[in-house]
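A.B. asks: To start, I am sharing the structure in question, which I have written as structure tokens.
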Amino acid sequence: MKIIAFAASTLALGMVTSSALAQTCAAPTELVSGSNITNTGVPTFSPNTCTGDNSFSDICGGATLTGRAHVYHWHYAGANTPAGSITVTPAPKDNGAGGTTTATFNVALAVATGAATCAASLGTCAASADNNANNSAESIPLAGLNTNPSDYFLIISSFDATAANQCGPYSMTVGTLPVKLQSFSIN
């Protein structure tokens, strides 16, 4: 009986972990205002877009995405003003020998919006960033986003002709998102 319970809990944990790492339009990770997501480095190098969604082909109608993507989500209901930016920085990669090597990931970002729509065409493009070279951070200013009540999807991917630069580990900082106050109380 204990073996069956252990196997069932292990399988359930594996399904939760796989779902959390997939970060697709169907199952995006909720993005938290003011968060600082640091790459874990050796041995897992997480977060890492190499494990992400490969269904995107276009970034805001401009450039073809060449790499896999991670998708994050937040909902704005018209409550506050966004501030700061979302910045994604490539992290060092696994060198295959238990250490790290210089990051070469060429980050491309897009923010899509529109009635819970996140598709390969990216719905309505609210912002994008693909201005810098390999191993450079990309940022999207939050103050410039259209702040109409809607669902927002951050797509972290790549635009590069070299396969080695099409995905990789990253770290991310998030400014003040335009989010809805969920509850308020005074004790």
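The values are calculated or read from the model by the stated rules, or taken from the named source; none is laboratory data. Just so you know, these numbers come straight off a predicted model, no measurement behind them. Neighbour counts are summed over all protein chains in view; Cβ atoms, including those assigned to glycine, are modelled from backbone coordinates with ideal geometry.
A.B. asks: If you go through segment 96-114, how many residues are of a type in the set (V, I, T) and without any contact (Cβ under 8 Å) to a residue 40 or more places away in the chain?
C.D. replies: Of the residues in segment 96-114, the ones of a type in the set (V, I, T) are 100-102, 104, 107, 111, 113.
If we keep only those that are without any contact (Cβ under 8 Å) to a residue 40 or more places away in the chain as well, we get 101-102.
So the count comes out to 2.
A.B. asks: A follow-up question, please. Looking at T87, is it of a type in the set (S, T, Y) and at pLDDT below 80? Give the derivation first.
C.D. replies: Working: of a type in the set (S, T, Y): yes; at pLDDT below 80: no.
For T87, the condition - of a type in the set (S, T, Y) and at pLDDT below 80 - is not met.
A.B. asks: How many of the residues in segment 108-124 are closer than 21 Å to Q166 by Cβ and either at pLDDT below 85 or among the charged types (D, E, K, R) (or both)?
C.D. replies: Filtering segment 108-124 for residues closer than 21 Å to Q166 by Cβ gives 108-112, 118-122.
Going one step further and asking which of them are either at pLDDT below 85 or among the charged types (D, E, K, R) (or both), we end up with 112, 118-122.
So the answer is 6.
A.B. asks: How about segment 129-175: which of its residues are modelled with pLDDT of 85 or more, within 15 Å of the chain's Cα centre (by Cα) and not hydrophobic (A, V, I, L, M, F, W, C)?
C.D. replies: Matches in segment 129-175: D130, E138, S139, Y152, S157, S158, G168, P169, Y170, S171, T173, G175.
A.B. asks: I would also like to ask the following. Scan (1) modelled with pLDDT of 80 or more; (2) assigned to a loop (DSSP other than H, G, I, E, B) for the single condition I186 breaks and write down its number.
C.D. replies: The number of the failed condition is (1).
A.B. asks: Those residues that are over 18 Å from L142 (Cα atoms) and not polar (S, T, N, Q), I need them from segment 84-112; list them, please. Walk me through it before giving the result.
C.D. replies: Restricting attention to segment 84-112, the residues satisfying the condition of being over 18 Å from L142 (Cα atoms) are 90-106.
P90, A91, P92, K93, D94, G96, A97, G98, G99, A103, F105, listed by residue number.
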